[in-house]
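Asks: Got a structure for you, written out below as structure tokens; questions coming shortly.
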């Protein structure tokens, strides 16, 4: 259990949010030209870092907006919160 | 026309806590981002939408709650007639906003139940099943929050220190009400 500072609503408890997985995965421009391996790489393969990770979260029981956070997966410490489309601060 | 059927079987009263359903009331969800949208809503409702997070603005007939940077709920301060489910205000907003592609208007009168909670123990009740910190919320009149109460999505509007309006989806109303009664009986 930890608190997340929603960039729209302020500090809320984690149970109000939904985790959306790794952030900044770019969709290939021409999916039709990719091999199955490359497509699977984009679709399924995630880094799953032990340490500082960039993640997408959704404030699903609140404002229902998506945003990004920088979280240390070993101790759940949140280093930064930033909106969609912004550059990661770390 | 569901709005005219009571969702809760009765009103309950405990020491320092009264719970009752207020119906029928108008509830609308308004969504939009453009600058013209804000102007059009302001002109139609005769009041401005709150742009500061977790706040509300109150007019003579209507109250607007901030739900998200581009979403608001507008509800009527008083109950309305129960012989029609067409509302002047919705028609006006539809004409001035939806028709002009400035934003979206959705009538959620039937979807949401308005429960009014009164008394000094309102926040004791919330604290028994809610992850939200009410310390600042209770001090500020007109503050709004969307959170979970007993794991049920609710919208809570602080009208006054001990007078709170709570919105819950109709399908969850009975369940929430029985939880409220269970919790309130042990406060």
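Asks: What FRET efficiency would be calculated for the residue pair residue B:22, residue A:86, taking the C-beta separation as r and a Förster radius of 41 Å, to the nearest 0.05?
Replies: The calculated FRET efficiency here is 0.50.
Asks: Cut-off is 10 Å between beta-carbons; in what order do A:34, B:8 appear when sorted fewest neighbours first?
Replies: So the residues, fewest neighbours to most, are A:34, B:8.
Asks: At a Förster distance of 41 Å, what's the computed FRET efficiency of residue A:22 paired with residue B:169, Cβ-Cβ distance as r, to 0.05?
Replies: That gives a FRET efficiency of 0.80.
Asks: Shifting gears a bit: Report the semi-axes of the equivalent ellipsoid for the range B:12-184 in whole Å, largest first, where each axis is √(5λ) for an eigenvalue λ of the Cα gyration tensor. Each step should come with its number before you reach the end.
Replies: Values: eigenvalues 164, 61, 37 Å².
For the range B:12-184, the semi-axes come out at 29, 17, 14 Å.
Asks: With a cut-off of 8 Å between alpha carbons and a minimum separation of six or more residues, what is the relative contact order of chain B in percent?
Replies: Normalised by residue count, the contact order of chain B is 24 percent.
Asks: Within 10 Å of each residue's Cβ, count the other Cβ atoms and sort B:147, A:32, B:106, A:74 from fewest upward.
Replies: A:32, A:74, B:106, B:147
Asks: Let me confirm one metric for peptide A:61-71, namely the mean number of other chain beta-carbon atoms within 10 Å of its residues' beta-carbons. Kindly include the intermediate steps, with their values, before the conclusion.
Replies: On the way: counts 9, 10, 9, 4, 4, 0, 0, 0, 0, 0, 0.
Going residue by residue through A:61-71 and averaging, the value is 3.
Asks: Quick one: B:73, B:47, fewest Cβ neighbours within 10 Å first, how do they rank?
Replies: B:47, B:73
Asks: Cα convex hull of the range B:134-187: how many Å³ per residue?
Replies: 86
Asks: For a Förster distance of 35 Å, can you work out the FRET efficiency between the beta-carbons of residue A:47 and residue B:70, rounded to the nearest 0.05? Walk me through the numbers before you get to the answer.
Replies: Numbers: r = 32 Å, r/R0 = 0.92.
Using R0 = 35 Å, I get an efficiency of 0.65.
Asks: Using a 10 Å cut-off around each Cβ of peptide A:6-19, what is the average number of partner chain Cβ atoms that fall inside? If you can, show how the numbers build up before the last one.
Replies: Numbers: counts 1, 2, 7, 10, 5, 2, 7, 6, 1, 4, 6, 0, 0, 0.
Mean partner-chain Cβ count within 10 Å for A:6-19: 4.
Asks: A further question follows. Taking the alpha-carbon centroid of each part, what is the distance from the range B:21-85 to the range B:107-140 in angstrom?
Replies: Spelled out, the Cα-based centre of one part sits 19 Å from the other.
Asks: Starting at 0 and stepping by 5 Å, how many percent of the alpha carbon pairs of the protein assembly as shown end up in each bin?
Replies: 1, 5, 11, 14, 15, 14, 12, 10, 8, 5, 3, 1, 0, 0
Asks: I'm a student and want to see the number: the projected area of the Cα convex hull of chain A, averaged over all directions, in nm².
Replies: Working: hull surface 26.4 nm².
For chain A, the mean projected area of the Cα convex hull comes to 6.6 nm².
Every number here is computed from the coordinates shown, using simple stated rules; none is lab data. Since this is a predicted model, take the numbers as computed values, not measurements. Positions of Cβ are generated from backbone atoms using ideal geometry, with glycine treated the same way; all protein chains shown enter the neighbour counts.
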